[in-house]
Structures are given as structure tokens and as C-alpha cells.
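This report refers to the structure that appears directly beneath it.
The values are calculated or read from the model by the stated rules, or taken from the named source; none is laboratory data. Fair warning: this is a prediction, and the values are worked out from it, not measured in the lab. Note that we place each Cβ from the backbone using ideal geometry, even for glycine, and neighbour counts take in every protein chain shown. What goes into the accessible areas is simple: the full protein's heavy atoms, side chains included, and nothing from ligands, DNA or RNA. Shrake-Rupley method; radii C 1.70, N 1.55, O 1.52, S 1.80 Å.
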Amino acid sequence: MRTRFRGITLREGALVEGPAGWGEFSPFAEYGPRECARWLACALEAAAVGWPEPVRDRIGVNVTVPAVGPDRARDIVAASGCRTAKVKVAERGQDEDADIARVAAVRDALGPAGRIRVDANGGWDVDKAARMLTALAPFGLEYAEQPCASLDELARLRHRVGVPLAADESIRRAGDPLKVRAAGAADIVVLKVQPLGGVRAALAVAAACGLPVVVSSAVETSVGLAAGVALAAALPDLAYDCGLATMSLLTADVTADPLAQRDGMLPVRAAAADRQRLAALAADPVPWIARMEAAAEYLE
């Protein structure tokens, strides 16, 4: 990782090659076999089956701004060419002024027409979220992603602020978006294709939920990102830019042609691993084979 993100500095995973192409299996270390089964299902869909036909050939994406200082935040946005920025806030060890300064710098870099969304990763309680979103609202927030950890907190916050709320960490399995909607906890759902079990499974979740969708990545290589792009490309409606421009967070990729955004857009295409790059980035495969075998026991 170029910058600590989600508490990690090293991203690991496994790739699967099959008749339809390449798939990625990269659940985070804390996930057990039952939860990993959905990540494995996504990899197998990509490698063995392929994806539904797209209804668009490009996907608008946001630039992600980690919990860095305002000068660095401004530089990241200015260099990206994106019209939308997702700004990390509520970083442990940082104060509220740091969040406000970072968002202000991003607004300055984007100009008045750009869109800003903030992501707290569930780091605020209801009172602090209400206070912070009120303080950040003058910068013109498109929405706030997972400002509080629980559905109950999100629902209570939603009645106190005018900023739309998006649920991310609250969605880890197929039934979660339905719970989010039933609880009145969010205006938008953030869907990640690996945790939901693949493109087709995620499309079914989106249809059942009935809320606007933002497709986001789990900080994958280009192989994994291609599945997220396939989901975004197949959605009937896509009102928001997606959180799929995360190759910029990694120092290397497994393909010779990384799935990187240009002028705020990603092309809709698959990604094939490059053998030389795989060899250079290879980790011990034994633990990953064991994780895949354990996850396979829970495949439906």
C-alpha cells in the first residue's frame, strides 16, 4: 500500500485462472471460512463463467483521499483528474480539525462543481457524526459513507442531518442491504462484488434492495477490480461515480495493463495476469490454498 489504508500496509490475495479468464480471491485476514466462501464464489464466477453483458462501456469513478494532510490531499485530487473525491475521515489518532482541513483542501482542488463524499468507516457515534456532518456540510457533501457503525445509529443519525447517508460496512452479506432499507438507515448502498459472491449475486442484491448503488472495491488488483467494473457496467441504473479507482493505492499490479482511471473514468474490460509480474509479487501460496479449501466447504 502507498499509504496505510483500512489499517493495513500490505495487501495479499490469490488469483485463479479458468476458461473464462482470471478471478481474484482476496478476503481480509480477519474473515473466516464461511464469509470467505462468497469471495471464492466471486473468483470462480470470473474464472469459470464470466460476467453478464454490460449496458455501458465506461464507469465514472472517484479518487480516494486517505487520511493525509491538506496539502497532500489537494495534490492527490489535482493529479487525479476525477470530478468526484471520497475523503477518509474519523482516522484514529486525528482530531476533528484535521478532517475539516482535509475536506476543505479537497473542495479547493475540485472547485465548486466537483463532488465530495466522506467516509468515516463507522468511526463516529451519533452525536459526533451529527456535529461533524454539520461542520462539513458547507463544503457541499454528496453523501457520508458509514458515519456510524450500527444500523440503529445510522437510522437515528439520518433523522438529524440533511446529508444523505450511504451504508458500506453494514453490508457484508446478501440480506444486509434489505435490512438497511427496512431500518431506514441509509439513502444509498455501497456494494462490493467479492463480499457479495460475484457479479450476478450482487446484481440480485441491488435489484431486491431498490436503493441507489455505489460500486466500490475491496482494494484489489486489476483482476479483482475488473469484477467490480463488470458489476457497475451491468447495473440498470448508475447515478453515482464508483469507488473503483483504487489501483492508485497500490505500489504494484499483477497485470501489464493496470485497470487505472483516466480523467475520472474506467474502461469496462477484463484484466489478465502477467506471468512475470506474478513471479515478482509471489507470496507463500500454502496459506491461501488452505483458505480457499476451507472456504469451498461453504460454497452454495
message: Tell me yes or no: at least one residue of region 57-66 is farther than 18 Å from MET247 by Cβ, open to solvent by 20 Å² or more (accessible area, probe 1.4 Å) and out of contact with any strand residue (DSSP E or B) (no Cβ under 6 Å at 6 or more places or on another chain).
response: yes
- prompt: In region 244-281, which residue that is within 15 Å of the chain's Cα centre (by Cα) and part of a loop (DSSP other than H, G, I, E, B) is surrounded by the fewest Cβ atoms within 10 Å (Cβ to Cβ)?
  reply: ALA260
- prompt: Given region 184-243, what helices (runs of 4 or more DSSP H) lie entirely inside it while holding 2 or more residues that are under 14 Å from the mean Cα position of the chain (by Cα) and of a type in the set (A, V, I, L, M, F, W, C)?
  reply: 193-196, 222-234
statement: Residue hits (region 16-25; under 19 Å from the mean Cα position of the chain (by Cα) and closer than 11 Å to VAL254 by Cβ) are GLU24
query: Within the set of pairs 6+ apart or on separate chains, which have a first residue in region 200-228 that is touching a residue at least 40 places away in the same chain (Cβ under 8 Å), a second that is aromatic (Phe, Trp, Tyr) and outside any strand (DSSP E or B), and C-beta atoms under 6 Å apart?
result: VAL214/TYR240
field: Qualifying positions in region 157-194 - touching a Phe, Trp or Tyr at 6+ places or on another chain (Cβ under 8 Å), open to solvent by less than 10 Å² (accessible area, probe 1.4 Å) and touching a residue at least 40 places away in the same chain (Cβ under 8 Å)
entry: ALA166, ILE188, GLN194
query: Out of the residues in region 106-156 that are open to solvent by 10 Å² or more (accessible area, probe 1.4 Å) and part of a strand (DSSP E or B), which is nearest to ARG92 (Cα to Cα)?
result: LEU141
